[in-house]
Amino acid sequence: MTRLIHLSDLHFGRTDPALAAPLLRTIERLEPTLVVISGDLTQRARRGQFDKARHFIDAIKAPVLTVPGNHDTPLDNLVLRWFAPFARYKRAISADLEPTFETPQMQVIGVNTVNPFAWQSGRLSDKTLTRMMEHFGPDDGRLRVAVLHHPLEQPPTLDKPRTHGAKAALTALSAAGADLVLSGHLHSASAAPFTRVPGVLFVQAGTALSTRRRGTPNTFNQIELTGEGELTLTVWSAADQPTFLPQAPRHYLRGPAGWVRKTGHDRAMPRLLC
């Protein structure tokens, strides 16, 4: 069985110190095929914060794929942000800003959406979209997963800059046969088919470790391929104590039009708009 653990927005430099060890223990028990971290490993892209993030990643007993988030580029060091925005990330985390991972059951590609010149908002270039489509290639029946920090859709009431190039990215993802898009940035967990391309399932992770919870608990996602064309999503939450506990799972079936919820008793997640 293929099992993904989806973490995001760790924000080393502003974490709850009681949560890291329970999170690592929970991940180890789950024995994932891959752990994905969709950006914002640090709070202010400082060397010491990256060192803590590296130490955390090294403690994960599974393959790890990471992409940078906007907090992983300097905010207050303008020279570094303009001329070498990813230097510290590359030194401590990975020289590859858009890594890939493959098994006989799935293809995973990381997508760098960080725009160093507009620190909060994300962007996707035509070059990035072309590379993503070329990587996925012809449909071979495997699960296709894209990982990026900035969401391609978000609630219309949310006062955050939209991701530049999101509409083109959704078109490209659909054309490439993507099944899942895993994102962060918003510090809240949600899951729903994209409104523009409902054949692709959009999964948002909350913050796993940060104290910047924005009224929601610390969470991470567990995603499992439970059968041919079946997927189960479980959100693990540390609401009242430094222990991550599983919430009610949500089941999805992959049909001709993409993913749909398998049962009517799963609580509906909010639909998101571009």
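Read-outs: derived from the displayed coordinates by stated rules, not from any lab. Computed from a predicted model, the values in this text were never measured in an experiment. For neighbour counting, all protein chains shown are included, and Cβ atoms are generated from backbone atoms with ideal geometry for every residue, glycine included.
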task: Taking Cα extents along the principal axes in Å as the quantity of interest, determine which of (i) 49, 43, 39; (ii) 74, 41, 34; (iii) 64, 53, 33 was computed from the displayed structure.
output: (i)
- prompt: Three principal axis extents, largest first, for the C-alpha atoms of the range 128-204, in Å?
  reply: 38, 21, 19
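When DSSP assigns beta bridges and you keep just the ones with both residues in the range 2-261, what percent turn out antiparallel, to the nearest 5? Mind showing how you got there, number by number?
Numbers: 33 of 56 bridges.
Around 60 percent antiparallel, to the nearest 5.
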message: At R0 = 35 Å, how high is the FRET efficiency between Thr226 and Thr100 if r is their beta carbon distance? Nearest 0.05 is fine.
response: 0.90
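How would Asp9, Asp140, Asp96 line up from fewest to most surrounding beta-carbon atoms within 10 angstrom?
On the way: Asp9 27, Asp140 10, Asp96 13.
Neighbour counts put them in this order, fewest first: Asp140, Asp96, Asp9.
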- request: Could you run the Debye sum over the Cα atoms of the range 19-134, one equal point scatterer each and no solvent, and tell me log10 of I(q)/I(0) at q = 0.10 Å⁻¹, two decimals?
  value: -0.33
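Distance check, please: which entries in Lys52/Lys90; Lys160/Lys262; Lys167/Lys262 exceed 24 angstrom between their Cα atoms?
Working: Lys52/Lys90 14 Å; Lys160/Lys262 32 Å; Lys167/Lys262 27 Å.
Too far apart for the 24 Å limit: Lys160/Lys262; Lys167/Lys262.
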- prompt: How much FRET efficiency would the formula 1/(1 + (r/R0)^6) give for Thr211 and Ala248, where r is the Cβ-Cβ distance and R0 is 22 Å, rounded to 0.05?
  reply: 0.25
- request: Would you please put 11-17, 204-210 in order of how densely packed they are, using the mean number of other Cβ atoms within 10 angstrom per residue and starting with the highest?
  value: 204-210, 11-17
message: Quick query: amide H of Val36 versus all other amide H atoms, modeled in the peptide plane; which residues come in under 5 Å with a sequence gap of 5 or more or a different chain?
response: Ile5, His6, Leu7, Leu65
statement: Final fewest-first order of Lys61, Lys90, Lys127 on the 10 Å Cβ neighbour count is Lys127, Lys61, Lys90
- prompt: What ³J(HN,Hα) values, in whole Hz, does the Karplus curve 6.51 cos²θ - 1.76 cosθ + 1.60 give for the range 52-64 when θ = phi - 60°, with x put for Gly and Pro?
  reply: 5, 5, 4, 4, 5, 4, 5, 7, 7, 8, 6, x, 10
- prompt: Using a Gaussian network for the chain with springs between C-alpha atoms less than 10 Å apart, which of these wobbles most: Val108, Val203, Val79?
  reply: Val79
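So what is the 222 nm mean residue ellipticity for the chain from helices alone, if each DSSP H run of at least 4 adds -39500 (n - 2.57) and you divide by all residues, rounding to the nearest 500 deg cm²/dmol?
Numbers: 6 runs with 56 residues, N = 274.
Value at 222 nm, helices only, nearest 500: -6000 deg cm²/dmol.
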